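The values are calculated or read from the model by the stated rules, or taken from the named source; none is laboratory data. Since this is a predicted model, take the numbers as computed values, not measurements. Please note: Cβ atoms are built from the backbone with ideal geometry, for glycine as well, and neighbour counts cover all protein chains shown. To get the accessible areas, we keep the full protein, side chains included, count just its heavy atoms, and leave off ligands, DNA and RNA. Shrake-Rupley method; radii C 1.70, N 1.55, O 1.52, S 1.80 Å.
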Amino acid sequence: MSREMTRVLVTGANGFVGAALCERLAEQGIETRAAVRTDTSARNRSLGLQTVAVGDIHPGTDWTTALAGITHVVHLAARVHVMREMSRDPLADFRAVNTAGSVNLARQAAAAGVRRIVYVSTIKVNGERTSGRPFYAEDDPQPEDAYAQSKLEAELALKGISQNTGLEVVIVRPPLVYGPGVKGNFLGMLGAIQKGWPLPLASCDNRRSFVGLSNLVSLLEKCVAHPAAAGQVFLAADGEDLSTPELLRRVAHALGRKARLLPFPPTMLHLATRIAGRPGIYERLCGSLQVDAGKARELLGWTPPSSVDAELARTASWYLA
């Protein structure tokens with residue numbers, strides 16, 4: 001596909017993934033427009049990107065200016081999953097942004113003549129855990145929380161819009177994304193290791209898939225351009241699954257530290273997290289969640305450009321700086 005004929009709108013362009021994707025597309029000479037909540041990003045303008053403020057994402061957001069002349073959309077903006085939900089009706093709030101907001105964007109995109117929308121969903125649509133086999137793109141969805149349910153509903157609605165309008169839809173479901181600028185649990189893990197905290201996780205025998213920021217950005221770029229991506233669902237992963245102890249050791253090595261891992265029976269850890277009212281912590285630390293990204297490799301010829309250790313090294317360098 002000719003780069004001169006490709007004009008990409010990235011929503012959530014000031015976010016963790018969105019900023020990296022905008023930078024990558026700009027480096028490739030692809031005309032890119034950054035959709036942000038408020039037009040405050042000097043970084044985007046320094047890359048030569050057009051920046052357009054669209055306000056909050058909701059069912060009535062006006063995308064007219066943002067979509068003018070655009071051929072492709074990568075939709076990253078979302079109400080994200082949070083550990084301590086404060087909303088009285090989380091599902092309604094997630095649906096307003098992630099489902100109805102995405103439907104509104106897709107309908108306006110189709111009306112504006114956009115050819116393709118790449119919708120960044122979540123592996124949580126597949127489920128929260130695996131046992132004995134990884135998740136595959138064609139598995140039946142098994143969302144367990146309001147966030148994942150809202151994302152699945154958006155996926156289904158966008159497929160319906162595609163059938164009725166011809167707008168091509170590509171869905172990408174990443175697991176936990178890490179890299180420079182990471183937040184949340186991964187950032188907390190970096191801090192714990194850097195401070196030398198002892199962690200009772202040496203006995204966890206699990207396997208989890210992750211995707212480095214540059215690897216996810218590479219896949220999204222492929223999904224924008226590749227003809228075979230239209231109408232498909234892809235899972236994203238680095239291709240190397242790690243146990244929690246191995247991840248901690250690899251992160252510690254990248255930080256120039258030594259992981260202080262203590263043996264502790266997983267059953268006791270599970271009990272402790274339940275008593276503390278945080279059973280989800282055990283699942284994230286000692287449960288398995290493996291992802292097979294083979295479909296993207298086979299259909300798109302995509303190979304993750306960066307190894308896990310290289311991605312961790314970049315993440316550690318950013319953190320230490």
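List of remarks:
- Within segment 192-223, backbone nitrogen closer than 18 Å to the virtual label 7 Å beyond the Cα of Ala321 toward Cβ: 213-215
- Ser131 paired with Ala53, simple spin-label distance in nm, labels 7 Å along Cα-to-beta-carbon: 5.1
- 3J(HN,Hα) along segment 314-321, derived from phi through the Karplus expression 6.51 cos²θ - 1.76 cosθ + 1.60 where θ = phi - 60°, amounts to 5, 5, 5, 4, 4, 5, 5, 7 Hz, with x in place of Gly and Pro.
- The modelled label-to-label distance for the pair Leu299/Ala202, using points 7 Å beyond Cα in the direction of Cβ, is 4.5 nm.
- Lysine pairs meeting the criterion (Cα under 25 Å, 8 or more apart or interchain), as found in the chain: 15
- Loop-located trypsin sites (Lys or Arg not before Pro) in segment 162-221, at most 12 other Cβ atoms within 10 Å (DSSP): Lys183, Lys195
- Here the spin labels are modelled as points 7 Å beyond Cα on the Cα-Cβ line, and at Leu176 and Asp309 they lie 2.1 nm apart.
- A protection proxy built from the mean count of other Cβ atoms within 10 Å ranks the segments 59-68, 9-18, most packed first, as 9-18, 59-68.
- Residues whose amide H lies under 5 Å from that of Ile117, counting only those 5 or more places away or on a different chain, are Val73, Glu168, Val169, Val170; hydrogens are built 1.01 Å from N in the peptide plane.
- For volume of the Cα convex hull per residue in Å³, the candidate list reads [x] 152; [y] 133; [z] 122; the entry that matches the value derived from this model is [y].
- Gyration tensor (alpha-carbon) shape descriptor, segment 276-321, a/c threshold 1.5: oblate
- For the chain, the cysteines with no partner cysteine C-beta closer than 4.7 Å are Cys22, Cys223.
- Under 5 Å from the amide H of Phe135 lie the amide H atoms of Gln290, Val291, Asp292, each residue being 5 or more positions distant or on a separate chain, with H modelled from the backbone and absent for Pro and chain starts.
- The chain, accessible surface, carbon-and-sulfur percent (1.4 angstrom probe): 52
- Probe 1.4 Å, protein heavy atoms only - accessible area per residue of segment 267-321 in square angstrom: 54
- 3J(HN,Hα) along segment 221-237: 4, 5, 5, 5, 9, 7, x, 6, 6, 4, x, 9, 10, 10, 9, 10, 6 Hz, from the Karplus curve 6.51 cos²θ - 1.76 cosθ + 1.60 with θ = phi - 60°, whole Hz, x for Gly and Pro.
- Applying the Karplus relation 6.51 cos²θ - 1.76 cosθ + 1.60 with θ = phi - 60° to segment 11-27 yields 3J(HN,Hα) values of 8, x, 6, 8, x, 3, 7, x, 5, 5, 5, 4, 4, 5, 4, 5, 4 Hz, where x marks Gly and Pro.
- For Ala77, nonlocal amide neighbours, meaning residues 5 or more places apart or on other chains whose placed amide H falls under 5 Å from its own, are Thr11, Gly12.
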